[in-house]
1. Are there any pairs, at least 6 apart or on different chains, whose C-beta atoms fall under 7 Å, with the first in the stretch 155-171 and over 11 Å from ARG134 (Cα atoms) and the second of a type in the set (Ser, Thr, Tyr), and if so, which?
2. Among the candidates GLU61, GLU39, GLU27, GLU10, single out the residue that is acidic (Asp, Glu), in a loop (DSSP other than H, G, I, E, B) and buried (at least 16 other Cβ atoms within 10 Å of the Cβ).
3. Only one of ASP115, ASP93, ASP122 is among the acidic types (Asp, Glu), under 22 Å from ARG53 (Cβ atoms) and at pLDDT below 90. Can you tell me which?
4. Any idea which of GLY28, GLY54 is among the small types (Gly, Ala, Ser), free of Cβ contacts under 8 Å to residues at least 12 places away in the same chain and out of contact with any Ser or Thr (no Cβ under 8 Å at 6 or more places or on another chain)?
5. May I ask you to say which residue of ALA59, ALA87 is at pLDDT below 85 and either over 25 Å from ALA6 (Cα atoms) or among the small types (Gly, Ala, Ser) (or both)?
6. Being assigned to a helix (DSSP H, G or I) and hydrophobic (A, V, I, L, M, F, W, C) is the filter; apply it to the stretch 125-150 and report the residue that is farthest from ARG8 (Cα to Cα).
7. Using beta carbons and a limit of 9 Å, which pairs, at least six apart or on different chains, have the first residue in the stretch 118-130 and without any contact (Cβ under 8 Å) to a residue 60 or more places away in the chain and the second one surrounded by fewer than 19 Cβ atoms within 10 Å (Cβ to Cβ) and of a type in the set (Asp, Glu)?
8. With the requirement that a residue be buried (at least 19 other Cβ atoms within 10 Å of the Cβ) and part of a helix (DSSP H, G or I), what does the stretch 98-123 give you?
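The values are calculated or read from the model by the stated rules, or taken from the named source; none is laboratory data. Worth saying up front: this structure is predicted, and the values here are computed from it rather than measured. Cβ coordinates were reconstructed from backbone atoms using ideal geometry, including for glycine residues, and neighbour counts include every protein chain displayed.
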Amino acid sequence: MVFASASRGEGTTTVTLHVANLLAKREGLRPLVVEVNREKPRYAQLFHLDENRGLAFLAAEEASLEQCIQTGPRGVPVIPAGRPEKAAYAGFDLASVLRRVIKGTQGRFDVVLVDAPALLADPDAWTVCSAVPRMVLVVRARRVSYDLLQRIKKEAEQTIPNFTLLGAILNRHRRYIPGWVDEWLLR
């Protein structure tokens with residue numbers, strides 16, 4: 001599934017990694033997180049990963065799928081985008097590379113979570129959604145209007161075959177209930 005947001009800075013990376021961690025710890029699933037961000041790849045720098053083993057290197061056939069899978073935060077397997085200059089100029093077919101990753105990891109991972117760039121800021125996001133048509137929309141509280149979210153949903157349904165919006169995650173929302181009640185409700 002794809003995790004995407006309308007604009008930059010809504011917390012898609014944080015949410016994607018938290019969901020991957022929850023799937024691993026609470027559900028016993030084996031998740032793989034794939035960073036797709038040719039403009040500003042961040043995983044290698046944030047998590048001290050090898051930037052020479054990433055999605056761009058896989059696309060250019062300079063690294064194998066096994067070489068690109070690295071251990072990210074809390075032990076979650078990730079494929080970073082790669083070095084910024086390599087990722088920006090690779091000129092590869094993003095959709096086919098993502099399909100190759102998903103097909104190549106079947107049996108080893110139960111779910112592939114794709115951390116996509118912002119839908120309104122980067123055309124690669126729509127390419128990602130066409131390759132992986134199940135989306136979770138990450139929405140930063142008090143930042144994006146309901147009308148904009150409806151427009152994004154409508155555009156996706158009209159342009160992407162078999163598109164499914166799995167839901168939305170409201171990020172950075174102030175809690176108005178005590179934390180223990182929140183934990184009790186999540187059980």
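1. Once the first residue is over 11 Å from ARG134 (Cα atoms) and sits in the stretch 155-171, no partner that is of a type in the set (Ser, Thr, Tyr) comes close enough.
2. Criteria check complete, one pass: GLU10.
3. ASP93
4. Only one candidate qualifies: GLY28.
5. Details: ALA59 fails: at pLDDT below 85.
Every option except ALA87 fails the conditions.
6. The extreme case among them is ALA131.
7. TRP126/GLU155; THR127/ASP93
8. LEU98, VAL101, THR105
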